[in-house]
1. Does segment B:124-227 come out rounded, prolate or oblate, given a ≥ b ≥ c as the square roots of the eigenvalues of its C-alpha gyration tensor, rounded meaning a/c under 1.5 and, failing that, prolate meaning a/b above b/c?
2. What does the C-alpha gyration tensor say about the overall shape of the protein assembly as shown? Classify as rounded when a/c is under 1.5, otherwise prolate if a/b is larger than b/c, or oblate.
3. Rounded to the nearest 500 deg cm²/dmol, what is the calculated helix-only ellipticity per residue at 222 nm for chain B, with -39500 (n - 2.57) per DSSP H run of length n ≥ 4?
4. Can you tell me, using C-alpha contacts under 8 Å and at least 6 residues apart, the relative contact order of segment B:64-198 as a whole percent?
5. Taking the Cα centre of segment B:204-544 as origin, work out the dipole magnitude from +1 charges on Lys and Arg Cβ and -1 charges on Asp and Glu Cβ, in debye rounded to 20.
6. Going by C-beta contacts inside 10 Å, put B:228, B:336 in order with the fewest on the left.
7. How well do other chains shield peptide A:322-334, expressed as the mean number of their Cβ atoms within 10 Å of each residue Cβ?
8. Suppose a student asked you for the relative contact order of chain B, using Cα pairs under 8 Å spaced at least 6 residues apart; what percent would you report?
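Only the coordinates and a few stated rules stand behind these numbers; no lab work does. Given the structure is predicted, the values throughout are model-derived calculations rather than measurements. Here Cβ is always computed from backbone atoms with ideal geometry, including for glycine, and neighbour counts include all displayed protein chains.
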Amino acid sequence: MALQGLLLLPVLLGAGAPLASAARQPALWPLPMSVQLSPNLLRLAPGSFEIIHGPQSSAGPDCFLLQDAFRRYREYVFGYLKSPDQYSKSFVGAELQQLLVTITSDSECDAYPSSTSDESYKLIVQEPVAVLEAREIWGALRGLETFSQLVYRDPYGAYLINKSEVIDYPRFHFRGILIDTSRHYLPVKTILQTLDGMAFNKFNVLHWHIVDDQSFPYQSITFPELSNKGAYSPAHVYTQTDIKLVLEYARLRGIRVIPEFDTPGHTDSWGKGQNDLLTPCYKRGIKIDVFGPVNPILNTTYEFMSKFFKEVSKIFPENYIHLGGDEVDFTCWKSNPDITEFMKQQGFGQDYEKLESYYIQKLIDIVSSTNKGYIVWQEVFDNEVKLKQDTIIEVWIGPSYNLELQKVTAAGYHAVLAAPWYLDYISYGQDWKKYYKVEPLDFSGTESQKDLVIGGTAALWGEFVDATNLSPRLWPRASAVGERLWSPANVRDLNDAYERLTEHRCRMVRRGVPAQPVFTGHCEM
Amino acid sequence: MTQRPRYPSVSRTLPLPVGSCSAMPGPGQAGVLPPPLLLLLLPLLAVRTLAAQPEAYVWPWPQKISVSPNVTFALKPILFRFQYSNSSAVQLGCSVLDQAFVRYLGIIFGPGPWLSRHHPGLKQTVKNSLEVFVNVPGCDQFPEMNSVENYTLTLSDQQFILKAHTVWGALRGLETFSQLIWRSAEGMFYVKQTEVVDFPRFPHRGLLLDTSRHYLPLQSILETLDGMAYNKFNVFHWHIVDDPSFPYESMTFPELSRKGSYNSATHIYTIGDVKKVIEYARMRGIRVISEFDTPGHTLSWGKGIPGLLTPCYSGSTPSGTFGPVNPILNSTYEFMASFFQEISSVFPDFYLHLGGDEVDFTCWRSNPDIKAFMKKRGFDRFEKLESFYIQKLLNIVSSYRKGYMVWQEVFDNNVKLNPDTVVHVWKERSPFPYALEMQNVTKAGFRALLSAPWYLNRISYGQDWQEIYMVDPLDFKGSPEQKSLVIGGEACMWGEYVDETNLTPRLWPRGGAVAERLWSSQSVRDLDLAYNRLAHFRCELLRRGIQAQPLYVGYCEHEYFHRMEQNHP
């Protein structure tokens, strides 16, 4: 009885899947720089196919990062199969037995990815052994993702791969996703799931907007009162263990974690656990129980910031820290007589942007002393704060972001583009197309200006987003940004993208990320 | 970097009266004070905050509720139970209520563990049971359009009693009771002295799910029914098939789903599945109205039933594509008669939704046989052909003693309808603004059902629930008789962009805005109060396992924990 059922199954699957054409193609996302697919097919046997280190590789079984990736990608390729051997025999042909992974430079398996990491790789699929070659482990991770996307199943369940050759490297080296854990706390699990999704889309930067006005979930060792008083509840915090978990999970996927501690605005929640940090506001000359931005005129402010950022720069291995600097509201500063007095002393006149600059410059000095680079929101540049030449300016104000990119790069700064990719702004229908059509270098400027655009970030701000809706809102909409930042500029065909994205979203669902549908249809599970 | 929201932000500074769930943090947060002191302060905290807060966190808001803030009763989870009143017309053995009692004990108290039963310091009177009285017998029937859902709930020192005319009203009362109870930080359960007199404003409070554009697993449908019960919705409008797929497994015509579903092994609803949905809904006082939309929206039907759809022509030859149901063949009506006979017996509700929307005439126009038929019949417009079809279909369905609901085009195109037809208004602006359509439909003496402003699949940035909430279905020009013909409304979740990955957060709590509009008194329109109650209710939904998305910034004590592992290969 059972046997009969099994024999029937392939036939049923074939008949009942009218929309699944027999010759399903591999759906690569983001599309590599160069792909050559031969019509010749190889089959993979789930029971015996292995991913192993190449004999010439500088990495070996003691490279945990790669070992873990081999395990992970084997599972992604075959994992949703309950009984592997029942399905694999429908295609009789040459077999692909192994994928050999070779790292050509000195491997640093325990390192963190950085702004200079090399993500290029070359993948040759031929019988009986495929070869993945990368200079660094980071490229191997990207190549494994591509390999896993090349494998597909015929209607009878056999695992197939075309003989093929892929040469690939990213167009931009900064490809970020911003999450906001202050407006709503995101459970660690949600963050890890987001990192999974990022790896599937070859994103390499998690921009962690960790605190803001609403809550301060980061549990500081030096200033525990910040989260004691500033988090939504004692359960809504990220302990140091949580942070380490996120950092390691990200590292294993070749993803940098750039924390943002935004000051001097967006800091209401800081004030709860740190007395006198924020500016007391006045109404008609009388101090009221309301606070404004960080108080820039007190020495204690800078003592606090030194200690705090010393801790942050130690906890986060990443070379860059995001310092925020956006949307500083001057109303409270204007109301405060001590600030007014200080402005007079410094000769700032009525120009509160000078006071803002004063604060930011002192902060930047503090952060520079920890040997970290920094990223700031565009206002810091707009307000003419003196910046080091390697500062990264994040452009977020639309719609004239191309003009801003032009200015930022003309001034010689690096730029990251976020403005057209605010994914929290939802609308009905296929808005991924809008994100996909954006061209980051579409501004007037010299070649060397364009070189200063290092990438972009898809931002999912948290006002209306928490663990309940984050994943379907982020994926596959962010995938559109992922391809724009990885693939060549001429990869812009919406119809082709639609086909690949539809399958890519199904793949994400199969791998455990609840990505929402692109349009009407269904996924073969 | 994040632009300030464009709508009024709601103050987060007010504390909740130590609820089991808190949408807004505040100075009254538990855990700061040692437990005994906190207990003493409980009523005080509550009183202090009541001025600006709703009297109670109930969604949808009852017709009449009075809460005595100073009298609080304690409930002990180990001892508390529901019991049938001696004089109640239904007693132990009543499936609907026996099940509901178990369900609501779980909802109210959770799985435990609870504190020991010794509370030496407890100041409140302990109540160990809620008596439930039902006026009329009947536990095995299905809820209907005119089922009475009224109930009264009296929680006082003398009485702890829920009275309802029918078991359906008792279900609504149990839901309200469950929302009145809160849990203190130490895990004790409390409820204030409360009097509720409640009944729905409209008898038809529906939610539409579309299982054709995307297949929804049974589990998603059952979870939606849970969420509906929490919101006092009482109609599940199951738009079960459409152009893209035919997941309903017909006994009479198994080829329909074998050929027309996305995947005939995994993407179908068997008769067993359908029965499960109907019974699960019944247990929650929810009617299931199936929609088999014809003559348009039927591409998926054509795969299993050759000859059912109109062949389209390009010039003088068939193009290989198909249009709406072919209205000129006898075989079409023979098929419909058999098919709807099955549907009439599978779905117990008196009403069937027959669709009838968006019939595209292009294909009919191209087909020479259709043109010849029209000539023979003297039809000068395709609307007449549509009417011809619909009238024959209505006769078929009437012969099975079923009532029917149709989308507004059927009325707009002047199809002759039985006077008890329900016309479903879905077009927002054209050909008429929906208020004018409501006016026209009721003026013609038909009952009307409103969905036009409640297409929840349409999303936009921000708190769009407010717009949904401020709609009033009776906001059109018409006599009182006309207004009384409006039987309610339905929130629609069309499936073009919705499947199990995003259904629940897109539906809740936005669907709640429709629920309150259809249940509560017309005068319940205060957005600030609604925000506070809805934010609280959203947290309560999370606590109950419904993946409802946030209204705005804030947190819930019981956050959602997604099921990453279960989804994982």
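1. Cα axes put segment B:124-227 in the oblate bin.
2. Note, shape of the protein assembly as shown comes out oblate.
3. So the helix-based figure for chain B works out to -10000 deg cm²/dmol.
4. 37 percent
5. The dipole of segment B:204-544 has a size of about 520 debye.
6. Fewest to most other Cβ atoms nearby, the residues stand as B:336, B:228.
7. Shielding by partners across A:322-334 averages 1.
8. 15 percent
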